[in-house]
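Quick note: the coordinates plus some simple rules give every number you see, no bench work behind them. Computed from a predicted structure; not experimentally measured. All Cβ positions, glycine included, derive from the backbone under ideal geometry; neighbour counts span all protein chains shown.
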């Protein structure tokens, strides 16, 4: 039986990276991703309205919404996440993880493969969805690239086996 041990400290940097990755991944699969386009369309209508001599209200509103959507949304979300991180009981907690054919054990709590819905291999680590939540295993948690690849193969084999 192959045991893969990894560990990492759930610090603010990893927490923000994990939530950003999960948010971006879920946004790509959601219809919310088109909201920015709606704001752009509103802006175009606002420009036409302003050029016709009408009010600039729609142009102003849509411009504010575009700035929020493309520039300030993550910064506002990040400040809320930092406040939540500081209150979290897992802040700066060192997670010890063991992955094998039974599942993934995190600090003596076993998550069986049958509970895991999806795994996404990313440049920065792995995003693993289970029970309406996600786990993030950063690349820094693995001793070397070989351990990362072994973990990926183990997870992939066991997730396919449950289908």
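Mind checking the angle between helix 73-87 and the chain's longest principal axis? C-alpha axes, 0 to 90 degrees, to the nearest 10.
40 degrees
Take peptides 49-60, 14-25 and line them up by average Cβ neighbours within 10 Å, highest first, as a rough protection proxy.
On the way: 49-60: 12.7, 14-25: 16.6.
Descending mean neighbour count gives 14-25, 49-60.
Using alpha carbon centroids, what distance separates the stretch 39-63 and the stretch 70-100, in Å?
38 Å
With angles folded into 0 to 90 degrees, how steeply does helix 145-162 sit against the dominant principal axis of the chain? Use alpha carbons for both and round to 10.
90 degrees
Among 47, 155, rank each residue by its count of other Cβ atoms within 10 Å, from fewest to most, as a rough exposure measure.
Numbers: 47 15, 155 20.
In order of increasing Cβ crowding within 10 Å: 47, 155.
Tell me, in nm to one decimal, what length is gained between residue 108 and residue 94 on full extension, where the rule is 0.36 nm per residue of separation less the Cα-Cα distance?
Once the chain is fully extended between residue 108 and residue 94, it gains 3.8 nm.
May I ask you to derive the relative contact order of the stretch 1-102, considering only C-alpha pairs under 8 Å and at least 6 residues apart, and to give it as an integer percent? Don't skip to the answer; put the middle values down first.
Details: 79 pairs, mean separation 56.1, N = 102.
That works out to 55 percent.
Specify the angular offset, from 0 to 90 degrees and rounded to the nearest 10, of the alpha carbon long axis of helix 57-67 from the longest principal axis of the alpha carbons in the chain.
20 degrees
Out of these labelled values of Cα Rg over 2.2 N^0.38 Å, [x] 1.39; [y] 1.16; [z] 1.22, which was calculated from the coordinates shown here?
[x]
For the stretch 36-81, what is the relative contact order in percent, using Cα pairs closer than 8 Å and at least 6 residues apart in sequence?
Working: 32 pairs, mean separation 17.2, N = 46.
Normalised by residue count, the contact order of the stretch 36-81 is 38 percent.
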